[in-house]
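**Student:** Would you mind keeping the following structure in view while I ask a few things?
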Amino acid sequence: MSTQATVEMKGICKEFPSTLANDQVDFTAYAGEIHALLGENGAGKSTLMNILTGVLEQDKGEIWIRKKRVFMKSPKDALSLGIGMIYQHFKLVKPFTVAENIVLGMENVRVLNKRALEAQVRELSQEYKIDLNPFSFIWQLSIGEQQRVEILKVLYRRADILILDEPTAVLTPEEVKELFQTLRSMAKKGGTIIFITHKMHEVMEFADRITVLRDGRLIGTMKREETSEQELARLMVGREISTGRRNRENTVKSQEQLRVKDLTVLNDKRVKAVDGLSFQLFAGEILGVAGVSGNGQKELMEALAGLRPRAGGQIFMGGQDISRASPRERMDQGMAFIPEDRYGFALVPSMTVMENASLKCYRDSRFNRGGVLDYRGLEQQAREFIKEFEIKVGGPKSLVQSMSGGNAQKLILARETAREPSVILASYPVRGLDIKATESIHQILVKEKARGAGVLLISEDLDEIFQLSDRVAVMYEGKLMGILPIGQVTLDQIGMAMAGAARLGGEDDG
């Protein structure tokens, strides 16, 4: 790593109405390094990087690029200084080719010389060891390949300061390794890599230096070898946070809560998304289903919850065939559902906490007498949820749209577990949440398992799979690639199965 500072941000302040997002933050990154930027949601990471990329303008403070003070009014100014950002949600045009996406928006490209462009893209790909066909269409590429297109877009514009926001959120372990090999290649050529992440093991494996923000302030910057996952978690949150196994109770396979037999489900395009799945879920266990999003997980969970019709197969709950049961009938039999889209599917943002808390119980006799709702009772229930689940909100009559993602997710869990369900379908329950909110949600799921519920956990975060699961399955192209106890499987095995390259082996699928 060079001793030349390519990025120096000094005393950066940025205030929004009622929020001081950055409070006298200093940040320095060097040529040749991979620099991790850590912090909870709301810590000020994205604001700081948006200032560095010209999306926002600081209220106070200075920015120096390669020892020269700069003033940026737009992302175009940042790009002219060699600063490029790759966002978590890619900005690609799927019907266009790789080459067309790379030059899209460049002012100096009037007529597309395909041969010259192909040669330039191939040369750039070889230089940074990024294997891509310039004339493949974006829709033909995997998520990992699409991310490489985004990197090539920035490199083609001669950026050598690269910022990535949650770059591994939807990648397989093998794609993560390939990504960081590319980033390391860029760093070795003198580039500066800054990545925002919540994943501690990636920080400890790939970062050279680490900066931690908390509540808009700089907590510290350190070399990787000078710290640990536990210390970084403590610096981010301000207290000790467990980063290891959170589910420590053994599972006894004595009672089957859910059985899925040869289940087939179609997606919205009437294409087979779930292809003959069979498995069991037992009382007092968490069965983790790993896989890259888009391999049938959404359709599986919606079919189990009764929200999507089956094309074949059967679903049994507590020994009873519920294949034709309605969502309400399944709920009444003890099924709870935590969908991946918390605002679009689980909550009504324009309604109050009390109203959202009552969506599953307003017909119950304790709150409904002859069609007349007991609003005092519903409000009291909401207060109990707020207290028991430590939901930070103004009160039962606060609107859900005013809540943070972590607190909104706690409200969903409070409502879904209030009836003590025997089966909990949890789909990406901590997606987008910070380390403290993640810990809270995990503790709730482990508590439900200890009570005797069977928890089916869908996740693409392998840290979460290893922290929570008793058994782990991998889903690829609508099929299960095997099921194993968590103690009998490795990260590499799961990664190979997620890519469809190998089965987990061992235990039968069911």
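**Student:** Quick check on the range 257-280. Is at least one of its residues out of contact with any strand residue (DSSP E or B) (no Cβ under 7 Å at 6 or more places or on another chain), within 19 Å of L484 (Cα to Cα) and either crowded, with 19+ Cβ neighbours inside 10 Å or modelled with pLDDT of 95 or more (or both)?
**Tutor:** No, there is no match, as no residue in the range 257-280 is out of contact with any strand residue (DSSP E or B) (no Cβ under 7 Å at 6 or more places or on another chain), within 19 Å of L484 (Cα to Cα) and either crowded, with 19+ Cβ neighbours inside 10 Å or modelled with pLDDT of 95 or more (or both).
**Student:** Which one of these does L411 not meet: (1) touching a Phe, Trp or Tyr at 6+ places or on another chain (Cβ under 7 Å); (2) without any contact (Cβ under 8 Å) to a residue 12 or more places away in the chain?
**Tutor:** Every condition holds for L411 apart from (2).
**Student:** Shifting gears a bit: Out of all the residues in the range 405-414, is one or more farther than 21 Å from F337 by Cβ and not in a loop (DSSP other than H, G, I, E, B)?
**Tutor:** no
**Student:** Now for a different question. Can Q401 be described as outside any loop (DSSP other than H, G, I, E, B) and free of Cβ contacts under 8 Å to residues at least 24 places away in the same chain?
**Tutor:** no
**Student:** Select from the range 295-322 the residues that are over 20 Å from Q255 (Cα atoms) and either open to solvent by less than 10 Å² (accessible area, probe 1.4 Å) or touching a helix residue (DSSP H, G or I) at 6+ places or on another chain (Cβ under 8 Å) (or both) and list them in ascending order.
**Tutor:** Hits for the range 295-322 are G296, Q297, L300, M301, A303, A305, G306, L307, R308, P309, R310.
**Student:** Quick one: which strands (runs of 3 or more DSSP E) sit completely within the range 449-510 and have at least 1 residues that are open to solvent by 10 Å² or more (accessible area, probe 1.4 Å) and at pLDDT 85 or above?
**Tutor:** 471-476, 479-485
**Student:** Moving on to the next point. What number of residues within the range 365-378 satisfy the criterion of being of a type outside the set (K, R) and over 23 Å from S398 (Cα atoms)?
**Tutor:** Residues meeting the conditions: 3.
**Student:** Just the residues that are in contact (Cβ under 8 Å) with a residue 24 or more places away in the chain, under 23 Å from the mean Cα position of the chain (by Cα) and on the phi < 0 side of the Ramachandran plot, please, taken from the range 42-52.
**Tutor:** A43, K45, S46, T47, L48, M49
**Student:** Checking L359 against (1) among the aliphatic types (A, V, I, L, M); (2) open to solvent by 20 Å² or more (accessible area, probe 1.4 Å); (3) not in a loop (DSSP other than H, G, I, E, B), only one condition comes out false. Which one?
**Tutor:** In the conditions (1) among the aliphatic types (A, V, I, L, M); (2) open to solvent by 20 Å² or more (accessible area, probe 1.4 Å); (3) not in a loop (DSSP other than H, G, I, E, B), L359 misses (3) alone.
**Student:** Only one of (1) touching a Lys or Arg at 6+ places or on another chain (Cβ under 7 Å); (2) under 26 Å from M403 (Cβ atoms); (3) not charged (D, E, K, R) is not met by L79, so which one is it?
**Tutor:** Going through the list (1) touching a Lys or Arg at 6+ places or on another chain (Cβ under 7 Å); (2) under 26 Å from M403 (Cβ atoms); (3) not charged (D, E, K, R), L79 breaks only (2).
**Student:** State which residue pairs qualify: first residue loosely packed, with under 13 Cβ neighbours inside 10 Å and inside the range 87-104, second residue among the aromatic types (F, W, Y) and assigned to a strand (DSSP E or B) in any location, beta carbons under 7 Å apart, and separation of 6 or more residues or different chains.
**Tutor:** P95/F137
**Student:** Based on this model, can you work out whether G395 counts as in contact with a Gly (Cβ under 9 Å, 6 or more places away or on another chain), open to solvent by less than 60 Å² (accessible area, probe 1.4 Å) and touching a residue at least 40 places away in the same chain (Cβ under 8 Å)?
**Tutor:** no
**Student:** What are the pairs, 6+ residues apart or on separate chains, where a residue within the range 65-85 that is closer than 15 Å to D160 by Cβ has its Cβ under 8 Å from a residue that is surrounded by fewer than 11 Cβ atoms within 10 Å (Cβ to Cβ) and at pLDDT below 95?
**Tutor:** From residues that are closer than 15 Å to D160 by Cβ, the pairs are G82/R158.
**Student:** Could you please give the count of residues in the range 199-249 that are part of a loop (DSSP other than H, G, I, E, B) and open to solvent by 60 Å² or more (accessible area, probe 1.4 Å)?
**Tutor:** 6
**Student:** Right, next: Take E416 and decide whether it is touching a residue at least 60 places away in the same chain (Cβ under 8 Å), open to solvent by 30 Å² or more (accessible area, probe 1.4 Å) and in contact with a strand residue (DSSP E or B) (Cβ under 9 Å, 6 or more places away or on another chain).
**Tutor:** So E416 fails the test.
**Student:** May I pose another question? Does any residue of the range 260-268 turn out to be of a type in the set (D, E, K, R) and free of Cβ contacts under 8 Å to residues at least 60 places away in the same chain?
**Tutor:** Checked against the condition, which is being of a type in the set (D, E, K, R) and free of Cβ contacts under 8 Å to residues at least 60 places away in the same chain, the range 260-268 yields at least one hit.
**Student:** Name the residue, out of L56, L79, that is more than 23 Å from L155 (Cβ to Cβ), crowded, with 16+ Cβ neighbours inside 10 Å and not acidic (D, E).
**Tutor:** When all the criteria are applied, what remains is L56.
**Student:** With A325, A290 as the choices, which residue is in contact (Cβ under 8 Å) with a residue 60 or more places away in the chain and open to solvent by less than 30 Å² (accessible area, probe 1.4 Å)?
**Tutor:** The conditions single out A290.
The values are calculated or read from the model by the stated rules, or taken from the named source; none is laboratory data. None of the values given here were measured: they were computed from a predicted structure. Cβ: placed from backbone, ideal geometry, glycine included. Neighbour counts: every protein chain shown. For the accessible areas, the whole protein counts, side chains as well, though only heavy atoms, and no ligand, DNA or RNA atoms are used. Shrake-Rupley method; radii C 1.70, N 1.55, O 1.52, S 1.80 Å.
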